[in-house]
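Take a look at the structure below.
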Amino acid sequence: MAWCKTITKPNETRWLWGSQDNGLSIAVYKGAYGDETRVSIMTGLDGGALATGCE
């Protein structure tokens, strides 16, 4: 399944699926200390908060 939307910032990339009231958000962040990377996965209302236009 392809993602609906990608948001890219200098230290973050976020992929969004679903709708604003029931979405999935996966974000990869570049850490503040060298080469570390963090991954965040959110579902439901939190995951869909940025999924505008994805329905």
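Taken together, the values in this text are just the output of simple stated rules run on the coordinates, not laboratory data. Fair warning: this is a prediction, and the values are worked out from it, not measured in the lab. Cβ coordinates were reconstructed from backbone atoms using ideal geometry, including for glycine residues, and neighbour counts include every protein chain displayed.
If I ask for residues that are assigned to a strand (DSSP E or B), in contact with a Lys or Arg (Cβ under 7 Å, 6 or more places away or on another chain) and among the aliphatic types (A, V, I, L, M), which ones from segment 27-55 would you list?
Ala27
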Which ones in segment 1-20 are in contact (Cβ under 8 Å) with a residue 12 or more places away in the chain and charged (D, E, K, R)?
Lys5, Glu12, Arg14
Kindly check whether there is at least one residue in segment 21-36 that is free of Cβ contacts under 8 Å to residues at least 60 places away in the same chain, of a type in the set (Asp, Glu), in contact with a strand residue (DSSP E or B) (Cβ under 6 Å, 6 or more places away or on another chain) and closer than 21 Å to Cys54 by Cβ.
no
